[in-house]
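**Student:** Structure below; questions to follow.
No value in this document is a laboratory result; all are computed from the given coordinates. Since the model is a prediction, treat every value here as computed from it, not as a measurement. Note that we place each Cβ from the backbone using ideal geometry, even for glycine, and neighbour counts take in every protein chain shown.
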């Protein structure tokens, strides 16, 4: 219920700035965009830090606007998140392990174009968990069993993009969980000493279809 309530509040905060004055202006224009790239991620609460886990991200967005200077974007993105402990071999530490959390992100972003060739935005991002995996012994990923993650991760997202041409652009997004994705453990254990929260940086190439 908390996740649903947070998503609704975020939806209102993003969409309300579409003022009544805008509603009396030009007709709505829609354009589709395809995205592809990679993510660098970390997880709060897993006893390590650093954006050391790399994954794939890809999806599509619908851009809705009346004005060239501002609009609303709604998208669906496949994103691999998680974390990775980097071994310190110079000091004889060869211990390494990885989490891989796969999500379907549903970002809703209010975007502004201060200039025709670049934009920035802020919004809310519910993410639906597809799978949660761990590679602790270096033998490949297996299903995460000792830690239960929430089905929905409610987060915030910041976005910035630059148009390379009329049909293509480069874009970066920073997303952060606003609510924990797991319960806090009763007693801290190895690789889990607090409630967990996702943080991801996504670098993507964007193609505009209309």
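**Student:** Using Cβ counts within 10 Å as a stand-in for footprinting exposure, how do 63, 26 rank, fewest first?
**Tutor:** Sorted ascending by nearby Cβ count, the order is 26, 63.
**Student:** Now a separate question. Go ahead and run the numbers for FRET between residue 207 and residue 26, Cβ-Cβ distance against an R0 of 22 Å, rounding to 0.05.
**Tutor:** After rounding to 0.05, the efficiency reads 0.35.
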